[in-house]
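Student: Next up is a structure, given as structure tokens.
The values are calculated or read from the model by the stated rules, or taken from the named source; none is laboratory data. Here the structure is a predicted model, which means the values were calculated and not measured. All accessible areas refer to the heavy atoms of the entire protein, side chains included, with ligands and DNA or RNA removed. Shrake-Rupley method; radii C 1.70, N 1.55, O 1.52, S 1.80 Å.
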Amino acid sequence: MVTRDPFWQGKKVFLTGHTGFMGSWLALWLTELGAGITGFSLKPPTDPNLFELARVGDGLSSIIGDVRDCPAFSRALMESGPEIVFHLAAQPLVRRSYQDPVETYASNVMGTVHLLEAVRRTPQTRAVVVVTSDKCYENREWFWGYREDEAMGGYDPYSSSKGCAELVVSAMRRSFFNPADYSKHRVATATARAGNAIGGGDWSADRLIPDMAKNLLAGKATVIRSPRAVRPWQHVLEPIQGYLTLAKKLFLEGPAYAEGWNFGPADSDARPVSYIADRVTRLWGDGASWRLDAGEHPHEAHYLKLDCSKSMTRLGWSPRWDLDTALKKTAEWYKTYSVRPEGMREFTLQQIADYAGARL
Ligand SMILES: NC(=O)c1ccc[n+]([C@@H]2O[C@H](COP(=O)([O-])OP(=O)(O)OC[C@H]3O[C@@H](n4cnc5c(N)ncnc54)[C@H](O)[C@@H]3O)[C@@H](O)[C@H]2O)c1
């Protein structure tokens, strides 16, 4: 039997990016936990998308708006008066950031400034989780994992925008939400840095699993750009479990947790792109295949791993599904979608329940 954590029952939550891939999974999980959610973001970024397929909007109050529009964004947050905020809205793609660096920095950096400025004016808010990325670190192509206190950086506009968002949160925290003055402001702000999230319902351009899913459904071979690039792959529910754990700690224990946190997979699940492509191809069957794209591509990091010792020790968080399970769950999701797209809300909720087990 599933027991629900009573902490979330009736909590007022503000979630940006609720129409996106990760935001939809988080919104569904929060809905199951009984939270009252207001979502704020642009329309779903792809067609199809998980937000519409799983009818995510049924369980929350959805506002379509732009985090670059400071007055509208502030008004929405202040009027909803949340106790807990999750900030996921962003332009999340490396390749698109090369095509449109201005949009990327405006949404990812100024969007974060606008968020924290609005939080300053919202007396009910106690906990803020800003989602950045494993790419926020200055990548030295090391073989070991980055720790939370390592230098921010980023070669491409997306990665750098996430490093900048980290610096924004750090400066705003020191200036306005300083842990030393917690009794005056009562706001705890933290950042969360996850690896490459995989799972059903992602149709983003230039991401491995969505590219493969689209091609497999169309019966075409997938063209792979960087088969040797190593990434920390994990099911989308792993970092989401981390965001929920962190938000609860911030809410209940405040400044002790107001800092940056890594949420990545076990070391053995940092694998090359070719491994994932082979595994997905085998899981899918039906003559699925991939081939190498030998063309020229913009720079992307070759090697990226996270050290998650701090989250495991201090938050008690740890990954629950290994990479093989994550890939199986993802393949099952897209296969089910291919035969019964109208059943994806129930199917997605079932995967959340399978993941959460007795700890939902
Ligand atoms: N998917 C991953 O592997 C991964 C890994 C680490 C971090 N992240 C971060 O997680 C967050 C969610 O990523 P995702 O994979 O779900 O991406 P996504 O593209 O599926 O969703 C992005 C969401 O942000 C919204 N958005 C974009 N620009 C906006 C703007 N200017 N104003 C308001 N809303 C805007 C979109 O409408 C959508 O709801 C992002 O911050 C991303 O950087 C993702």
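Student: Please list the non-local residues whose amide H lies under 5 Å from the amide H of residue 39, H modeled 1.01 Å from N, same-chain partners needing a gap of 5 or more.
Tutor: 15, 61, 62, 63
Student: Now, a different point. What angle do you read, to the nearest 10 degrees and between 0 and 90, between the alpha-carbon axis of helix 237-253 and the longest principal axis of the chain?
Tutor: Helix 237-253 sits at roughly 10 degrees to that axis.
Student: Hey, can you grab everything whose amide H is under 5 Å from the amide H of residue 223? Only 5+ residues off in sequence or another chain; H modelled, so Pro and N-termini drop out.
Tutor: Here 291 satisfy the definition.
Student: Leaving ligands, DNA and RNA out of it, rank 320, 173 by accessible area with a 1.4 Å probe, largest first. List each step's numbers first, then the result.
Tutor: Working: 320 70, 173 30 Å².
Most to least solvent-accessible, the answer reads 320, 173.
Student: Given a 1.4 Å probe and the protein chains all in place, what does the accessible area of residue 70 round to, in Å² to the nearest 10?
Tutor: Its heavy atoms expose roughly 40 Å² to the probe.
Student: Now for a separate question. Round to the nearest 10 and report in Å² the accessible area of residue 61, as given by a 1.4 Å probe over the protein chains' heavy atoms.
Tutor: 60
Student: Something else about it: How fast does the stretch 37-174 diffuse by Stokes-Einstein, in µm²/s, taking the Kirkwood radius from C-alpha pairs at 20 °C and 1.002 mPa s?
Tutor: On the way: Rh = 16.0 Å.
For the chosen part, D equals 134 µm²/s.
Student: Kindly provide the helix-only [θ] at 222 nm of the chain, computed as the sum of -39,500 (n - 2.57) over DSSP H runs of four or more divided by all residues, to the nearest 500 deg cm²/dmol?
Tutor: Details: 13 runs with 143 residues, N = 360.
That comes out to -12000 deg cm²/dmol.
Student: Right, something else. How large is ³J(HN,Hα) for each residue in the stretch 211-222, as worked out from phi by the Karplus curve 6.51 cos²θ - 1.76 cosθ + 1.60 (θ = phi - 60°), to whole Hz, x for Gly and Pro?
Tutor: Going residue by residue, I get 4, 5, 4, 4, 5, 5, 5, 8, x, 10, 6, 8 Hz, with x marking Gly and Pro.
Student: May I ask you to rank 25, 284 by accessible area, largest first, using a 1.4 Å probe over the protein chains only?
Tutor: Details: 25 0, 284 20 Å².
Of 25, 284, the descending order of accessible area is 284, 25.
Student: Name the residue, out of 337, 155, 182, whose mean-square fluctuation peaks in a Gaussian network model built on the chain with Cα pairs under 10 Å.
Tutor: Comparing 337, 155, 182 in the GNM, the peak value goes to 182.
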